1. Rounded to a whole number of µm²/s, how large is the Stokes-Einstein D of chain A at 4 °C and 1.567 mPa s, given Rh as the Kirkwood radius over C-alpha pairs?
2. Please tell me the relative contact order of the range A:105-256 in percent, rounded to the nearest whole number, where contacts are Cα pairs under 8 Å and at least six residues apart.
3. Taking square-rooted eigenvalues a ≥ b ≥ c of the alpha carbon gyration tensor, is chain C rounded, prolate or oblate, where a/c under 1.5 means rounded and, failing that, a/b exceeding b/c means prolate?
4. How large is the direction-averaged shadow of the alpha-carbon convex hull of the range C:198-277, in nm²?
5. Convert each backbone phi in the range B:222-227 into a coupling constant with the Karplus relation 6.51 cos²θ - 1.76 cosθ + 1.60 (shift: θ = phi - 60°), then list the ³J(HN,Hα) values in order as whole Hz, x for Gly and Pro.
6. So if I place +1 on the C-beta of Lys and Arg and -1 on the C-beta of Asp and Glu, and nothing else carries charge, what would the dipole magnitude of the range C:67-234 be about its Cα centre? I want it in debye, nearest 20.
7. Using a Förster distance of 35 angstrom, determine the FRET efficiency expected from the C-beta separation of C:VAL196 and C:THR228, and round it to 0.05.
8. Counting helices only, and only those DSSP H runs with n ≥ 4, report the 222 nm mean residue ellipticity of chain A as the sum of -39,500 (n - 2.57) divided by its residues, in deg cm²/dmol to the nearest 500.
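The values are calculated or read from the model by the stated rules, or taken from the named source; none is laboratory data. In this text the structure is predicted, and so the values were computed from the model without any measurement. Using ideal geometry, Cβ is built from the backbone for each residue, glycine included, and neighbour counts are taken over all protein chains shown. Heads up: the accessible areas ignore ligands, DNA and RNA and are worked out on the full protein's heavy atoms, side chains in. Shrake-Rupley method; radii C 1.70, N 1.55, O 1.52, S 1.80 Å.
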Amino acid sequence: MKTVHNTLAALAGVLLLIGGANAQKLQMNGAGATFPYPIYSKWFSEYNKQHPDVQINYQPIGSGGGVQQVSKQTVFFGASDMPMNAEQLQAAPGKILHLPTVLGAVVPVYNIPNVTTELKFSGPLLADIFLGKITKWNDAGIAKLNPGVTLPASDITVVHRADGSGTTYIWVDYLAKVSPEWKTKVGVNASVNWPTGVGGRGNEGVASTVKQTPGALGYVELIYALQTKQPYGSVQNMAGEFSKASVESVTGAAAAAAKQMPPDFRVSITNAPGNGVYPISSFTWILLYENAKDKAQARAMVDFMKWALTDGQKFAPDLGYAPLPADVIKLEMAALGKVKTS
Amino acid sequence: MRRKELGFQMGTGVLGLVLVAIVFAIGAVLTKQSMLSIEKFGLSFWRTEVWDPVSGEFGALPFIWGTLYSSILALLISTPIALGIAVFISELCPARLRQPLVFLTELLAAIPSIVYGLWGIFVLVPAVRALETSLPDALRQLPFFSGPPLGLGMLSAALILAIMVIPFSSSVAREVLKSVPAAQREAAYALGATRFEAIRAALFFARTGIIGAIMLGFGRALGETMAVTMVIGNNPRVSLSLFAPQYTMAAVLANEFTEAADDLYLAALTEIGLVLFIITLIVNSLSRLLIWSMSRTATQVPEPVEPAVDAA
Amino acid sequence: MKSTTTLRRKLLSSAFVGFCGFAVLIALIPLAFVLFFVITQGIRAVNVDFFTHMPTPVGEPGGGMANAIVGTLIVSGLAALMAVPIGVISGMYMSEYAGTRFASLVRFAADTLNGVPSIVIGVFAYAVAVLPFKQFSALAGGFALGVMMIPIIARTTEELLLLVPGSMREGALALGATRARAVFGVVLPAALPGIVTGIVLALARIAGETAPLLFTSFNNRFFTTKLTQPISTLTVQVFTYATGPYDDWHRQAWAGALVLVMIVLVCSLLARLATRRLERMHARG
């Protein structure tokens with residue numbers, strides 16, 4: 001009996017010690033999109049280096065999850081590449097602000113043995129493949145856009161997201177704009193009823209599945225294709241050019257929207273007009289309550305956002321994201337002033 | 001003295017009550033959380049094939065199908081092997097080998113599901129893909145083998161489930177065989193039976209218990225999550241094809257639960273959890289009933305009467 | 001005529017025996033396969049960093065799972081804290097009052113709970129331990145795992161207490177002890193080594209669980225021991241890394257799997273040794 005008492009006392013002592021050591025740190029939790037996960041993860045790590053007492057723990061569970069968890073307040077902030085719709089905003093217990101952080105691109109990534117050249121795709125072509133109408137790599141539609149490339153007669157395995165995803169939203173938002181059949185048959189949302197294909201979890205899951213499945217075609221945020229060294233195709237934009245995702249082509253996509261940014265920053269820039277524009281680009285947003293209960297966390301979050309909009313932006317190009325246009329940053333700094341920090 | 005006794009009984013009984021309460025709580029909480037979906041879809045939830053979060057159409061049929069299909073396939077593969085192991089260890093095995101073999105089967109059961117899943121993604125799925133690609137075209141015409149050879153799909157899921165269920169069914173079957181009275185086997189051998197025939201008699205005697213053991217394995221397969229979700233392809237489609245990526249109830253919960261973006265979606269997912277709870281409840285209760293009834297019959301077999309020995 | 005049927009029967013019997021032996025081999029092959037891969041891939045991947053470093057930003061190689069290892073220890077510890085008292089005492093009730101209908105109900109509930117899929121328990125724990133507090137936490141994870149541990153410990157305790165010879169109980173009662181005294185003072189200590197073994201095995205089992213943690217303890221990039229915050233665990237981390245696209249993540253996933261398998265192996269071996277010792281002790285006494 002005595003040994004039991006002693007062990008319990010020792011355990012309690014250890015727990016108290018550990019608890020005490022942790023008491024000083026401010027731990028904040030956020031969850032959501034996998035689209036910006038690489039840069040958020042870099043940002044939170046860098047910010048923690050400069051502010052060791054603030055730990056921002058971000059979990060990439062998909063944009064759908066980010067919206068859900070922030071609405072239920074199980075996390076302090078959410079992140080999504082799909083703006084919340086009126087219904088979702090209404091359902092939240094308080095006003096939620098959309099704060100853009102970076103610009104990114106969704107690219108068609110593929111795994112065809114012996115084909116390492118960059119393939120050209122058009123919007124309607126991608127829609128037909130994802131509708132399940134085009135099933136083989138050597139289909140006439142693909143061959144027409146890619147003369148001189150020997151395409152195998154094998155099946156195309158479409159890889160999509162199994163979870164609620166803003167990346168999916170960006171992708172299908174684009175497909176709906178270029179394919180009326182997609183718009184009516186499948187629609188636009190973070191999670192859709194996919195006509196065909198295999199599901200992967202998060203951008204990581206899709207990239208992983210494509211990498212391991214010969215004949216696969218999926219869609220991922222640019223950095224995932226770059227970091228896993230997988231070939232990705234160029235997509236035909238509204239001006240008819242075949243544009244490859246890059247910092248320049250993505251910045252170009254946001255140019256028009258930046259001039260007419262709505263005050264709540266909720267805007268879609270897929271299939272944007274103009275030359276040198278990559279058609280499957282998007283803003284990504286942090287979702288933050290305007291009047292959160294925990295003011296200490298709100299203060300820390302606002303401070304972090306200001307850092308992200310200034311110093312943070314320089315990490316973007318290395319990771320394949322485009323920095324926000326200066327106009328947008330100015331508007332956003334003003335919007336951050338609205339967040340109640342006391 | 002009496003009061004102290006009562007105190008002890010109540011004190012310990014209260015915690016037993018906690019256990020019972022937890023089981024009821026699970027059923028109650030799951031039902032409450034899925035109310036939104038139950039009210040909207042009613043019984044058609046179980047028959048609708050469409051799982052469309054965009055339009056708010058939710059039907060659990062693809063998941064029920066995937067769960068049942070993968071578990072039944074797993075049973076078909078694992079049952080003969082599990083029974084073979086049970087028979088070998090309890091009847092045929094030399095005594096020295098018994099302990100190590102039991103230990104090894106326990107080890108198979110103790111390996112975490114996530115480790116099986118990891119092995120599944122990087123070892124099993126490529127192997128299955130190679131197997132599927134090498135299948136002769138003539139067989140590809142059958143609905144069981146239609147579709148592109150992805151590796152990820154029903155076959156990989158069934159195989160991994162079978163591997164995980166084998167040690168479970170075999171250890172319960174072993175327990176069941178142990179409870180077969182020795183008189184049964186002795187009678188068989190006395191009548192000149194071969195090894196096989198004597199064991200067959202024992203198996204026949206224990207048949208309800210054996211079925212119970214197999215059903216317990218079935219119940220285990222129904223609820224298996226991690227290993228399956230990593231190899232099944234995560235596509236909500238009803239398909240006979242072993243090659244097709246499909247979905248199970250447990251897998252969709254793991255993938256979509258934290259990400260359900262609205263309350264109806266969440267309720268629909270919780271309802272799937274409720275369905276899974278009810279199905280495993282029924283399967284497990286039934287199997288325990290079978291095992292219990294078999295062990296009762298076993299103890300009712302009269303002991304052989306010792307012939308009177310003359311003390312001469 | 002007679003000799004051919006006898007021959008046929010003998011052949012059938014040998015074939016059957018052969019099949020059973022074959023079945024054992026077939027079952028052992030995947031075990032060997034899995035262990036082989038986990039050990040070879042894991043050993044290559046494990047290094048000191050794995051045990052001492054935190055995860056690096058996404059896509060950057062290196063780092064480790066130090067926070068996940070500590071997290072698994074914490075969450076398992078919490079589960080045990082909750083499950084051991086409830087499990088042992090329920091087991092005690094079931095063994096002492098074995099004939100009563102309530103004991104049968106408790107036993108049925110324990111067996112039922114044992115069979116509930118871990119993902120369903122995760123959904124339950126989310127509704128009960130996460131939503132009302134609006135917080136993913138190590139405590140919620142411990143709760144989910146604790147719920148899974150309770151029936152295992154309860155049944156093990158019941159079986160072991162029933163194994164203790166009745167003479168010990170009766171002796172204590174004859175000397176005038178109350179029931180509580182008899183059980184806690186005499187029967188329980190006699191069964192204690194076995195019960196502890198059972199607890200260790202149950203711990204090994206839940207330390208390997210992933211599904212119930214996905215919606216309770218969630219995950220955490222940082223090192224934390226705060227119980228009211230999300231916490232990283234080995235199993236969830238292995239899942240995240242295994243399903244990711246980065247080769248370095250895959251490497252670390254194998255290392256994590258190796259650590260998990262080692263935990264299971266060590267606990268199983270210890271349990272075996274302990275039971276062997278117990279049997280020898282009982283045989284002598």
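1. 61 µm²/s
2. 38 percent
3. Judged from the Cα gyration tensor, chain C comes out oblate (a/c at least 1.5, b/c at or above a/b).
4. Convex hull of Cα atoms, orientation-averaged projection: 6.1 nm².
5. Result, rounded to whole Hz: 4, x, 5, 10, 4, 4.
6. Here the size comes out at about 300 debye.
7. 0.70
8. Only helices count here, giving -12500 deg cm²/dmol.
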